[in-house]
Amino acid sequence: MSREFDVDLFTIGGGSGGVRASRFAAGFGARVAIAEERYLGGTCVNVGCIPKKLMSYAAHFAQEFSEAKGFGWTLGERSFDWPTLIAAKDREITRLNGIYRNLLTTSGVTVYDARATIDDAHTVRVNGKSITARHILVATGGWPVLPVIPGIEHAISSNEFFKLAALPARAVVVGAGYIAVELASILNGLGCAVTLVHRGDRLLRHMDDELGEVLLKEMQKKGMTISLKTQITSIEQRADSKKVTLDSGQTVMVDCVLFATGRAANTAGLGLDKAGVVLKENGAIDVDDDFQTNVASITAIGDVIDRVELTPVALAEGMIVARRLFDNNRQSMSYDNIPTAVFSYPNVATVGLSEKTARAKYGEIRIFKSDFKALKHTLSGSDERTFMKIVVDAKTDVVLGMHMVGSDAGEIIQGFAAAMQCGVTKTVLDRTIGIHPTSAEEFVTMRTAV
């Protein structure tokens, strides 16, 4: 590499995408430095996917204990200790932070535990000194956004949720996206009385309509109060609780108010304006298909570009950037058929197009659906239902979307996502032998379109 600059790549942001791009760029022979002001691993490792999934496991035990009775188990007195869970979660996060650091240092990447800002198209300022870079990669992720209402200082975001000193006895969770329903499900499973408030008319609005409808019913079965077409107008701190006032005039007394109403690209104060980088109206960085900004030397990936806010997507984007810049390998990123899961109660998973999107894009489609009680629940005593849906192009027989609400939905949809990448047809699904008895086999046994 040329010695004209101090480094070949300077990455701002040590989340999943930034770390992946940095260490692979170093593997291709580039001189790389990375700066992270908070924690290596970014949102996913520290205040997102990993701690959330660990806490979701904890929340599911209450239901498992109850269901065990139907299978002949007699359980003694049980209790839950929030500090024990949080301490165990923190130990695992610390371990992962160390793994991320080791991945970088063993790859030869210089790590700065500090905030970095951009001075110009080829200069980064960190720890009071300027470092020149042939390429600058911005991977600073997103940050929770709270609304401007009276008393908002008494509320928390998902970031603070993972650091709560105690499990609240009563909580209001605001929002209806995956973060809101996941955290509401965790609190409910651990014994908190949860009220979910959302200004819209359904849950998971970016997914197939029926997924939100089914999840709503299942969450209500588990004791959660869900108020749609409702907003919080004010929060008032009382001596030992918080008074939440809704736009209906109703008030709710709780111990915790948690907003999960959206995230914004983390671009403020980075110095992007100094380099002349163009931003979108929402503050996200505008990039082309190669993740390059309007400034040739500056690229951006992950949540900060506001495309698909998922960790595996950021990882894929990071690989594409590293290969293009330092391995003379130009690949394109496809955002089609990206599978995703919501670790709510029960789980939701989806890949491909919703019924509404498929109908608008392809016109004539066929829909296959199944709603059933899983074999486990014939003895468990639970009234939880499993829902599955397949969307098919009527002209070509190609499967356009697969959707599920039920236990282990993410584990099941992952395999079908690979099939969809290969262009699987409904005929091929019909010819596939199911594994019996499983819930997953239902996806290859649905024969009649609705």
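The values are calculated or read from the model by the stated rules, or taken from the named source; none is laboratory data. A quick note: this is a predicted structure, and the numbers were derived from the prediction, not measured. Counting neighbours? That spans all protein chains shown, and the Cβs are built from the backbone with ideal geometry, glycine included. Please note that ligands, DNA and RNA were not included when accessible areas were found on the heavy atoms of the full protein model with its side chains. Shrake-Rupley method; radii C 1.70, N 1.55, O 1.52, S 1.80 Å.
Summary table below
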| quantity | calculated |
| --- | --- |
| Equivalent ellipsoid, region 379-450 (semi-axes from 5 times Cα gyration tensor eigenvalues, Å) | 23, 13, 12 |
| Charge dipole of region 202-326 about the Cα centre (unit charges at C-beta), most positive-ward option of LEU228, ALA264, ILE320 | LEU228 |
| Carbon and sulfur %, accessible surface of region 248-368 computed with the full protein complex present, 1.4 Å | 45 percent |
| Antiparallel DSSP beta bridges within the chain, percent to nearest 5 | 60 percent |
| Phi to ³J(HN,Hα) by Karplus 6.51 cos²θ - 1.76 cosθ + 1.60 over region 434-450, Hz, x for Gly, Pro | x, 8, 10, x, 9, 6, 4, 5, 4, 5, 10, 10, 6, 10, 10, 6, 8 |
| Selection from VAL138, VAL124, ILE179 lying farthest towards where the dipole of region 110-193 points positive, charges on Cβ | VAL124 |
| Relative compactness, the chain, computed as alpha-carbon Rg over 2.2 N^0.38 Å | 1.06 |
| Column: log10 I(q)/I(0), Debye, Cα scatterers of region 1-44, q = 0.28 Å⁻¹ | -0.93 |
| Heavy-atom surface of the chain, accessible at 1.4 Å and reported per residue (Å²) | 46 Å² |
| GluC sites (Glu not before Pro) lying in DSSP loop within region 348-387, provided at most 14 other Cβ fall within 10 Å | GLU364 |
| Restricting region 63-168 to GluC sites (Glu not before Pro) in coil, as DSSP defines it, with at most 13 other Cβ within 10 Å | GLU77 |
| Cβ-based charge dipole, the chain, positive-most Cα from THR43, ILE149, PHE416 | PHE416 |
| Accessible-area ranking of ARG447, ARG115, largest first, probe 1.4 Å | ARG447, ARG115 |
| Proximal aspartates and glutamates relative to LYS356, as straight alpha-carbon distance under 12 Å, when same-chain residues fewer than 8 apart are discounted | ASP208, ASP209, GLU210, GLU364 |
| Between region 347-377 and region 141-220, the Cα center-to-center distance that results, in Å | 24 Å |
| At most 12 other Cβ within 10 Å, DSSP loop - trypsin sites (Lys or Arg not before Pro), region 329-432 | ARG330, LYS395 |
| Partners for LYS274 among aspartates and glutamates (Cα-Cα distance below 12 Å; same-chain residues under 8 apart left out) | ASP119, ASP120 |
| Three-way shape call for region 294-364 based on the alpha-carbon gyration tensor, with the a/c threshold at 1.5 | prolate |
| Candidate lysines - alpha carbon under 20 Å from LYS222, same-chain residues fewer than 8 apart omitted | LYS52, LYS53, LYS69, LYS373, LYS376 |
| Accessible surface, 1.4 Å probe, highest first, among residues ASP255, ASP397 | ASP255, ASP397 |
| Computed over region 15-87, Cα set: Rg, Dmax in Å | 20.4, 62 |
| From phi via Karplus (6.51, -1.76, 1.60), per-residue ³J(HN,Hα) for region 131-143 in Hz, x at Gly/Pro | 10, 8, 9, 4, 10, 10, 10, 9, 9, 8, x, x, 9 |
| Quotient of Cα Rg and 2.2 N^0.38 Å for region 59-176, N being how many residues it contains | 1.66 |
| For region 144-226: rounded, prolate or oblate by the Cα gyration tensor [a/c cutoff 1.5] | oblate |
